[in-house]
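Here the structure comes first, spelled out in structure tokens, and everything after it is commentary.
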Amino acid sequence: MAINLLHYSTGNDDPTWGVVRGNTVLPLPGEYATTADVLHQGADAARTLLAESGKPGIPLADLTPLNPVAGARIICQGANYQAHIAESGMDPNRPYNLLFTKSSGSLTGARDDIVAPSHVKLLDYEIELGIVIGKAITAPTVVSADRVGEYIGAFVVANDVSARDIQLSQGQYYKGKSYRTFCPVGPYLCIPDPNEVDRWRDLRLTLSVNGGVRQDALAGEMVFGPAETLTEFSYLEDLAVGDLLLTGTPGGVAIHPPKAMVQRVAALLPDAQKWKLFVKMQRRNPAYLKPGDEVVASIRTDDGALDLGTQHNTVTTHSGRSCK
């Protein structure tokens with residue numbers, strides 16, 4: 001049976017780890033300096049605690065969930081669901097896995113604000129299934145579907161927040177997706193039993209803004225699954241325990257490409273003018289996030305056997321100096 005670990009603060013004590021039991025949390029004994037520590041040692045302690053403890057837990061409502069993968073390197077897949085490929089106007093028959101990275105400085109917690117820099121005009125959301133690496137990869141490795149569970153330490157909810165006006169007009173995925181607070185993660189590290197790992201396909205990703213559902217899809221709709229993606233990354237770089245793979249977002253994001261006629265006309269314009277027109281037209285779309293919006297994201301199986309928890313993030317802004 002899967003267990004959910006929570007990195008949390010009570011407001012009075014230092015941050016600590018606990019295991020979720022119903023609507024309460026049992027604090028784990030010992031200290032865990034890294035996500036790797038809690039995956040390797042905390043999971044065993046959590047199972048023992050659940051089996052033996054008759055003590056009352058701390059109500060979840062009294063705790064503040066913290067980022068459970070602090071310091072993780074973030075590797076990402078783009079356009080990995082057919083519905084998102086279609087709404088983005090990309091080639092539906094693209095034969096390659098679109099890979100990129102995102103700054104670890106963008107990580108934040110499941111209840112923290114999403115802070116939009118004042119110059120960002122097109123702020124978008126992307127719920128994604130996050131996979132926390134559970135076994136280091138230090139050489140090119142063929143990760144087969146029947147062995148992928150060896151490399152999955154935990155599942156997490158993630159939101160790949162994106163400044164589309166930066167990402168697209170400047171052609172910079174990293175910059176447009178790496179501002180501080182642009183990657184809410186958690187609340188839980190959901191550690192599946194070995195016989196539950198393959199249920200990643202049954203995980204339902206749901207995101208709403210101000211109570212209206214925007215995204216709702218099963219992880220099994222991915223084009224490139226975790227096994228082939230981890231294999232491909234292994235030929236590029238080492239992956240450490242605790243690193244985070246974001247596996248792409250379903251359809252339902254705010255951005256939609258201009259109509260074909262508009263694209264043809266825009267192609268005749270100088271580059272700067274073309275993108276100025278793009279931003280102007282996209283700003284008419286009310287689906288983009290605005291200060292005060294409430295973003296709620298959850299991932300779970302329909303039967304509740306795997307439940308990664310729910311994020312509640314409020315969009316805010318600041319007017320400090322920023323790099324445009």
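The values are calculated or read from the model by the stated rules, or taken from the named source; none is laboratory data. What you are looking at is a predicted structure, and each value in this text was computed from that prediction instead of being measured. Cβ atoms come from the backbone with ideal geometry, glycine included; neighbour counts cover every protein chain shown. When the accessible area is computed, the model is the full protein with side chains, heavy atoms only, and any ligands, DNA or RNA have been set aside. Shrake-Rupley method; radii C 1.70, N 1.55, O 1.52, S 1.80 Å.
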Breaking point among (1) open to solvent by less than 60 Å² (accessible area, probe 1.4 Å); (2) of a type in the set (Asp, Glu); (3) at pLDDT below 95, for residue 271: (1)
Answer from 111, 94 - the residue that is modelled with pLDDT under 95 and of a type in the set (D, E, K, R): 94
Flag for residue 220 being in contact with a strand residue (DSSP E or B) (Cβ under 7 Å, 6 or more places away or on another chain), more than 20 Å from residue 69 (Cα to Cα) and not in a loop (DSSP other than H, G, I, E, B): no
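Which one is most open to solvent (accessible area, probe 1.4 Å), of the residues in the stretch 275-316 that are among the basic types (Lys, Arg) and part of a loop (DSSP other than H, G, I, E, B)?
Let us first name the residues in the stretch 275-316 that are among the basic types (Lys, Arg), namely 276, 280, 283-284, 290, 300.
Next, only the ones that are part of a loop (DSSP other than H, G, I, E, B) stay: 283-284, 290.
On the way: 283: 144, 284: 169, 290: 95 Å².
For the stretch 275-316, the residue satisfying everything is 284.
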Residue that is more than 29 Å from residue 277 (Cα to Cα), of a type in the set (D, E, K, R) and in contact with a Phe, Trp or Tyr (Cβ under 9 Å, 6 or more places away or on another chain), where the choices are 196, 221: 221
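Residues to consider are 89, 54, 11; find the one that is on the phi > 0 side of the Ramachandran plot, out of contact with any strand residue (DSSP E or B) (no Cβ under 6 Å at 6 or more places or on another chain) and not assigned by the TED database to the domain that holds residue 246. If you could, list the steps in order and put the result at the bottom.
Working: 89 fails: not assigned by the TED database to the domain that holds residue 246; 54 fails: on the phi > 0 side of the Ramachandran plot.
Exactly one of 89, 54, 11 is on the phi > 0 side of the Ramachandran plot, out of contact with any strand residue (DSSP E or B) (no Cβ under 6 Å at 6 or more places or on another chain) and not assigned by the TED database to the domain that holds residue 246, namely 11.
Restricting to the stretch 89-112, give me the number of residues that are within 19 Å of the chain's Cα centre (by Cα) and of a type outside the set (Asp, Glu). Steps first, answer last, please.
Step one: filter the stretch 89-112 for residues within 19 Å of the chain's Cα centre (by Cα), giving 97-112.
Checking the rest, the ones that are also of a type outside the set (Asp, Glu) come to 97-111.
Result for the stretch 89-112: 15.
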Residue 63, sole failed condition from (1) closer than 22 Å to residue 152 by Cβ; (2) at pLDDT 90 or above: (1)
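Which is more than 23 Å from the chain's Cα centre (by Cα) and within 24 Å of residue 244 (Cα to Cα), of 116, 51, 72, 45? Give the derivation first.
Numbers: 116 fails: more than 23 Å from the chain's Cα centre (by Cα); 51 fails: within 24 Å of residue 244 (Cα to Cα); 72 fails: more than 23 Å from the chain's Cα centre (by Cα).
None of the others qualify; the one that does is 45.
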The stretch 1-27, subset among the polar types (S, T, N, Q) and part of a loop (DSSP other than H, G, I, E, B), residue least open to solvent (accessible area, probe 1.4 Å): 10
